[in-house]
Each structure stands twice: as structure tokens, then as C-alpha cells.
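Following: one structure in C-alpha cells, then a few remarks.
The values are calculated or read from the model by the stated rules, or taken from the named source; none is laboratory data. It should be emphasised that the depicted structure is a prediction, and the values quoted were computed from it without experimental measurement. Neighbour counts run over all protein chains shown; Cβ positions are idealised from the backbone, glycine included. To get the accessible areas, we keep the full protein, side chains included, count just its heavy atoms, and leave off ligands, DNA and RNA. Shrake-Rupley method; radii C 1.70, N 1.55, O 1.52, S 1.80 Å.
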Amino acid sequence: MCGIVGAVAQRNVVPILIEGLRRLEYRGYDSAGIAVVDAAACLARTRSVGKVRDLEALLDSNTLSGALGIAHTRWATHGRPAVCNAHPHICRKTVALVHNGIIENHETLRRAQMQVGYEFTSETDTEVAVHEVYRYFEQHHDLLRAVQEAIQAFSGAYAIGVISNLEPGRLVAARRGSPLVIGVGIGEHFIASDATALLPVTQRFIFMEEGDVADIRAEGVRIYDAQGRAVDRPVHTSELSADAVARGEYRHYMQKEIFEQPRALADALEGRIGADRVLEEAFGPLAKQTFDAAEAVQIIGCGTSYHAGMVARYWLESIAGIPCNVEVASEFRYRKPRVNTRALFVTLSQSGETADTLASLAEARRLGFASALAICNVAESSLVRESDLVLITNAGPEIGVASTKAFTTQLVALFLLTLVLGRRRGLSRESEAALVRELRLLPRRIEQVLHLNDAIQDLATQLATKQHALFLGRGALYPVAMEGALKLKEVSYIHAEAYPAGELKHGPLALIDANMPVIAVAPNDELLEKLKSNLHEVRARGGELFVFADATTTIEPDASTHVLRIPESSSVLAPIIHTVPLQLLAYHVAVLKGADVDQPRNLAKSVTVE
């Protein structure tokens, strides 16, 4: 959630660190800071509340330079946004540390450290970590050993980068529960929370594994596992370029990522469908035996990924004929569920580093689930490495905090899963072939929806002054309504809630008046007539309606009903197609309200802590 960058080189690393922070700012952004070992072998530090540009403004008047440094963008967990709480934290002018995660036993460590004379200048859990490292560094005069011993005292999750002015050519990094990657250069090496932060300087990466500690110098890297044994970790060459995460002609990353969806969906399908069937080998070498054995499906996700799982439940049960349960990861891991261990355990995550999802996978292993499938956008993530089967969504880098193309590519992946399970439970070759043809048409249909951008922008002007909104959908479009409500609240700060349309008169109807707009998703399916009855109930009570309807529906506009017609689509893939206009609506409302679209307040892209 927070962003870490570090570098050890034979040149000034400050520009590298600042550029890395810019690329990580989507992860967290209430404060930022940088520390280097300067030419006088002193730790020099600059910190600022606000965004990376505020830190840069301070650096313009306070020249900082050094060949060894660490930097950080913070998303507050312990302690308010303030300079004193910003990272890096320094102990006795000797050891500096940056941290992503939560040290859960920080209060116990703090009390013990205060008793022996350590002073605290922040409200953070991280400051106990830097003191603990210093304590062992003072004993052993070896930064690697100090970190290895200090982390034994930590409970919780962490990724840390540590430097000392007494060892000016050395950067030590460690991870448990939070992601950390090492960038491999020529005569220089780097660390970061996310490989995209380092793309301007390298495309070669080592992905640290759980419990690893890395001793990093300009000339090379040594890695030790959780037991302290030297290990070799493979070097991966990323196919991403620095330009891949640039905003280009678009005003915001969210806008760019919405418009990238036709290409992203085509990439998600590439190599995974033949002329008339899904190629199940795309899920991995164990796919056939795993799918043959699956008696049910258990889907786990958070936020947007949870909504994708809810859509998939309709598909899996109606098309594949297989029982499916969907649960929020943070609930599953603590609920003590009664489970069918012969169910396929499916985890959904954009980053593959979501703490609750990873913990749910570990719980699934403990409960005895036979196999786990990860549907994820990051091939090198922890979730992917720890799963039996993997389907990478191929959405490409998603920088905007509000997920867009990651959601629709997850839905494509889940539909592919539906078809490979369905063929084992009576789905005919003819039916599968027809559905594969619909998948092939999907990128073109999304392009057609994107042509409605100007019309949706006009609708947004009617919503931008509202304080609340209700979203309605039925069947597989109910989770799409939930996703639409989430997008609107995330980026525009309008309070929005979603309901199954049939629940309207069981409570929400009490809220309907001229100040409570209702956004309805209305594909031309078997539930359309029932949905139209719900819309009449809103009209009768003076509510204003915004209806996203298929071209063939008979819903007509009037003074209180705005109708946007979506190009004709397959009803089975309507959840994917109807998602896109809701994304555009949320985006344009947020722009009209002057909100920070890509970095909504209080939110971060990858939730790597509880």
C-alpha cells in the first residue's frame, strides 16, 4: 500500500528515487520522504506531507545527493499524515529505514525500547523497526546481520529497506507479507514495492520470496531465505516498458485505462480460445485433472474483485451447472467456514498482493482445499506463485486506484473458467462454440460502447450536483450495479449504494425523491419486464432515473427519465458490456466535481495490510 524505492549505485540516486516515487504514488500518498548517505558519509533526509511534487519542491531548495538512498510514499495506518510520521525513519543518525506493512506488536516493542532509552519522534509502528535494527547494528556492526536478527522480533507484515551511513555501499531489504522486488542493473541495484517504479532504469528483476533478506551492493546481490541460508532467486526480464505506464494523450490514468479495455480484453482472450472452444491448457499443466475433480467453486476477492466473483456465480451456476460460493476475503479468513474441500478455490486480485486474499489462500490450504486457481494481473505476484493454476488477465499496468480494465478482464477470465467447467457438466460443443463467438465479438462491442463517451459526459452533468445515488440491477447485472456504485463513490465521493431491483420496495423506496437519482442497468433479458416495473415505482415517487438500456429495449425517455442505449449485445456477456458506461459515468462526474480521479482520498491501489 505504501511505496518503497531504494538504490545503491555509482551515481547520484536521488533522481532515480524521485521518479520511482512518482510511479508508486498511486499506492499511497499522504506524505513522502527520501534519505541518502551523502558525500560526507552522513544520513541526509527530506520529508513532506502531501504528494511527491511537494517533496520535489523542498528538494529544489535543499540539494540532496548520494549514491545510496531509500525513499517512500506513505498511506497512513498508524499515525496521522504529518512530517514526523513520514518515512524514512532514522535512529541516532546512523540507521534509516522505510517500511510497507504493519508491525502488529509495535506497542510491546515500543515499551521495551523506551525502557532502555530509545526516543520516539513519531506515532508510527515503523519507528520501532528502525530502533530494533539499530540495536543489533550497534552490537554486531553488520547491517545484514542486524536486519536478520531484528525481523525475528516483528509480528505482522513488512517490506523494509535499510541503509546506514557507517556502511555507505550497502542496502539491506527484507520482506514478509508485503511485496518487494530487486531491480538488477550494471554496477547498480535497486529495490521497489512494484517493478513499474524501476522501469526507467532496468527491465531485469528478482522477486523476493516470503521471508527473504537481501544484501544489496552496487556490484551484486546476495539473498538469504527465512532460515538464513544463501539462496539463488531467478532474474526475470519484464516485457513492460517505461512508456507502458505513461498517461499519454489522456487526462487521467482512469480515463486511459477505460479506453484501453478493447485491447485488454483481446489480450485476455489471445491464445486461450480456439475456433469453437476454450483451450483449457491456458490455465496450466494441471488444468484437466483439476477441473475434472472439481465438485464446486469457491471464489474469494476484495472490492472490485469480489464483484467480479459475484457475476461469475450466475455464470457458473446457470451455464456450467456447478455450485458456486463467493465471499469477501476478509470475512472468509476469519469465519471458520464449513467447506467442500473438493471445490476449486479461486482467488481474484489485480495486484496479487492483497493481504486478505493471500491470507485466505493460506487458510484454504489449512482447510484442505485440493486445488487453487489464481486469476490475477501480475504474473510475478505472491498470489500467482502460491497457486496451483494461474490465469493472468493480461490487462497491462493499471495505475488508477479505481479498477476498470482489471475488472472486465477478470470477468473474461471467469467466463473462460465457466466454459471449461461447463463442458464437464453438460454444456454442448454447439453451445460452447456459440459462446466463444460472443467472446470474439466482445472487444468490438466495447469499442462501440466507448463511442458513447460524449453522451455519458452529458449525463454526468445531471449527477455532479447530487449527494447520493441508488444503483439497481437484476440477476448478473446486480453485481454490475454494485461495481457502478463503488466506482462513483470511490472517485467522486458521492454516496452511492446498489440494490437488487426486486428489493426496492423492501426499504430503499423510502429514500426516493427528486434528490435521489436512480441509476438502472437494463439489458434486454428475461428480467427486463420485472425491472421496468421497479422503474415505474421510482417514477411514481418523483425520482429521477438514469437508465443504461440495450438498443432493443422499449424503455422510453421522458422529463424524469434519461435513457442511454447501449449497442445490442449478447445477454450472457451483458455484465461486461454494461460495466463500461458506468465506469465512464463515474469518471466524468468526478472530473466535473474536481476530484483527484487517479488518487482518491484515503484510498490506495494495492491493499497489502489488513
If the requirement is being surrounded by fewer than 24 Cβ atoms within 10 Å (Cβ to Cβ) and either over 26 Å from Ser533 (Cβ atoms) or not basic (Lys, Arg) (or both), which of these qualifies: Ala481, Ala464? Ala464
What number of residues within the range 460-495 are touching a residue at least 12 places away in the same chain (Cβ under 8 Å) and either among the β-branched types (Val, Ile, Thr) or assigned to a helix (DSSP H, G or I) (or both)? 20
Among the candidates Ser164, Ser178, which residue alone is of a type in the set (S, T, N, Q), buried (at least 22 other Cβ atoms within 10 Å of the Cβ) and over 22 Å from the mean Cα position of the chain (by Cα)? Ser164
Looking for whichever is among the charged types (D, E, K, R), closer than 30 Å to Val8 by Cα and exposed (fewer than 14 other Cβ atoms within 10 Å of the Cβ) here; the options are Glu270, Glu295, Glu239, Glu281. Which one fits? Glu239
Strands (runs of 3 or more DSSP E) contained in the range 1-60 and holding at least 2 residues farther than 26 Å from Glu353 by Cα: 31-37, 43-49
Quick check, is His131 touching a residue at least 12 places away in the same chain (Cβ under 8 Å) and either open to solvent by 50 Å² or more (accessible area, probe 1.4 Å) or outside any loop (DSSP other than H, G, I, E, B) (or both)? yes
When residues of the range 196-215 are limited to those that are open to solvent by less than 20 Å² (accessible area, probe 1.4 Å) and either more than 20 Å from Val231 (Cα to Cα) or in a helix (DSSP H, G or I) (or both), the one modelled with the lowest pLDDT: Thr196
Among the listed residues Glu432, Glu497, which satisfies the condition of being under 30 Å from Lys593 (Cα atoms), at pLDDT 90 or above, in contact with a strand residue (DSSP E or B) (Cβ under 9 Å, 6 or more places away or on another chain) and of a type in the set (D, E, K, R)? Glu497
Let me confirm something: among Leu55, Leu24, Leu68, Leu64, which residue is free of Cβ contacts under 8 Å to residues at least 60 places away in the same chain and either under 20 Å from the mean Cα position of the chain (by Cα) or open to solvent by less than 10 Å² (accessible area, probe 1.4 Å) (or both)? Leu55
Checking Thr94 against (1) within 30 Å of the chain's Cα centre (by Cα); (2) in contact (Cβ under 8 Å) with a residue 24 or more places away in the chain, the condition it does not meet: (1)
Tally of residues being over 16 Å from Val346 (Cβ atoms) and aromatic (Phe, Trp, Tyr) across the range 368-396: 0
Taking the range 216-232 as the region of interest, how many residues are open to solvent by 40 Å² or more (accessible area, probe 1.4 Å), over 19 Å from Gly169 (Cβ atoms) and either β-branched (Val, Ile, Thr) or in contact with a Gly (Cβ under 7 Å, 6 or more places away or on another chain) (or both)? 1
Yes or no: the range 76-88 includes at least one residue that is crowded, with 16+ Cβ neighbours inside 10 Å and modelled with pLDDT of 95 or more. yes
